[in-house]
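Read through the structure below, which is laid out as structure tokens, and then see the notes.
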Amino acid sequence: MRLTGLLACFLFLTTTLVGHFSPIRAQPSDYPSDPTADIKWSSGTAGVVDIQAAFNHARAQENAQLGLNLSMLSLPSQGTWDALGDGGRILWLINAERRDRGVQPLNGLESNVTSVAQYYAQYLLDNDLWGHYEDGLSPWERLDTNPAIHACHDYLNVAENIAVFVTSGLNIPLPVERAVYMWMYQDQMSAWGHRHAILWYPYNDNSGPAGQEGFLGIGRASGGPYQGPFSQPWNFAELIVMNVFDPCATWDYGIPPIDNWIFLPFILRY
């Protein structure tokens, strides 16, 4: 039964580990240790105070589970947080999780990767689809259709996380922050594959500033109705796509975005 106006959010998570069109098996040496059990979001959804409380509760629980000493996060002010945008907020959280576990941070957001992620998020919403291969391409093939990425990339075994929240109402609070949280802390059902994609070690640190490597792109599509993987349509959905990419040694960090090149399945639009 659908209750109009009632927030009834669900999260379906999936990640793909791919390396140049061939599926691979992740190795424990490629990422830090996993929690022993899921850690549920423990706070409200009003803003940075609740985000910080939820992540710090999870860190405290992970410390207890694994005998770690992860420090507690201190998020920026609400105004500063809002100004970061969807990609900036996810980058902030992911790099905090990486640094505090001794993993090299990502270099930053990149417009070409973001363009691919945004295209796919909107494609899933517009076509009422769900999955990594719905446009006829794998996540890596999708990234590789971008000319800048195609011309200069290193081998990387992770490519994409996706998440969806749905509601019978008209609004879903904190979808990007809760997507990161659930990829990190509520992923036992997926053998922690989304967490592995976030905390992946083996980027080749051969371009840009030393001590950081890899680009992030975030896509977000909002609207409805949307059914996707569910048994019934929902009034409103938030779809989040996270793509990562390791540039080659000669990547031009002054390269302009190529936002007008968008590839649909086997069709070049420009």
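Looking at (1) farther than 23 Å from W192 by Cβ; (2) in a helix (DSSP H, G or I), which is the one condition that is false for R98?
(1)
Could you look through segment 200-219, keep only residues that are of a type outside the set (G, A, S), surrounded by 20 or more Cβ atoms within 10 Å (Cβ to Cβ) and in contact with a helix residue (DSSP H, G or I) (Cβ under 9 Å, 6 or more places away or on another chain), and pick out the one that is nearest to A121 (Cα to Cα)?
Among those that are of a type outside the set (G, A, S), surrounded by 20 or more Cβ atoms within 10 Å (Cβ to Cβ) and in contact with a helix residue (DSSP H, G or I) (Cβ under 9 Å, 6 or more places away or on another chain), it is I218.
When segment 138-177 is examined, which residues are found to be among the β-branched types (V, I, T), touching a Cys at 6+ places or on another chain (Cβ under 9 Å) and surrounded by 24 or more Cβ atoms within 10 Å (Cβ to Cβ)?
Answer for segment 138-177, where residues must be among the β-branched types (V, I, T), touching a Cys at 6+ places or on another chain (Cβ under 9 Å) and surrounded by 24 or more Cβ atoms within 10 Å (Cβ to Cβ): just V166.
Is segment 176-188 home to any residue that is in contact with a Lys or Arg (Cβ under 7 Å, 6 or more places away or on another chain), farther than 27 Å from E213 by Cβ and touching a residue at least 60 places away in the same chain (Cβ under 8 Å)?
Taking segment 176-188 first, the residues in contact with a Lys or Arg (Cβ under 7 Å, 6 or more places away or on another chain) are 176-177, 183-184, 186-187.
Then drop every residue that is not farther than 27 Å from E213 by Cβ, which leaves 186.
Adding the requirement that they be touching a residue at least 60 places away in the same chain (Cβ under 8 Å) leaves 186.
Yes; the residues of segment 176-188 include at least one that is in contact with a Lys or Arg (Cβ under 7 Å, 6 or more places away or on another chain), farther than 27 Å from E213 by Cβ and touching a residue at least 60 places away in the same chain (Cβ under 8 Å).
For segment 61-83, which positions are in contact (Cβ under 8 Å) with a residue 12 or more places away in the chain, within 15 Å of S33 (Cα to Cα) and not in a loop (DSSP other than H, G, I, E, B)?
Those that are in contact (Cβ under 8 Å) with a residue 12 or more places away in the chain, within 15 Å of S33 (Cα to Cα) and not in a loop (DSSP other than H, G, I, E, B): Q61, E62, Q65, L66.
Take segment 81-92 and flag every residue that is within 25 Å of Y253 (Cβ to Cβ) and surrounded by fewer than 21 Cβ atoms within 10 Å (Cβ to Cβ). So that I can check it myself, show each step before the final result.
Step one: of segment 81-92, the residues within 25 Å of Y253 (Cβ to Cβ) are 83-92.
Residues satisfying the conditions are A83, L84, G85, D86, G88, W92.
Out of the residues in segment 108-130 that are assigned to a loop (DSSP other than H, G, I, E, B) and in contact with a Gly (Cβ under 9 Å, 6 or more places away or on another chain), which is surrounded by the most Cβ atoms within 10 Å (Cβ to Cβ)? Step through it out loud before you land on a result.
Let us first name the residues in segment 108-130 that are assigned to a loop (DSSP other than H, G, I, E, B), namely 110, 127-130.
Now drop any that are not in contact with a Gly (Cβ under 9 Å, 6 or more places away or on another chain), which leaves 110, 128-130.
On the way: E110: 25, D128: 14, L129: 17, W130: 19.
It comes out as E110.
Kindly indicate whether any position in segment 158-176 is closer than 18 Å to G108 by Cα, within 12 Å of the chain's Cα centre (by Cα) and assigned to a loop (DSSP other than H, G, I, E, B).
Yes: one or more hits.
Taken together, the values in this text are just the output of simple stated rules run on the coordinates, not laboratory data. Keep in mind it's a predicted model, so treat the numbers as computed, not measured. Methodologically, a virtual Cβ is constructed for each residue, glycine included, from the backbone with ideal geometry; neighbour enumeration extends over all protein chains shown.
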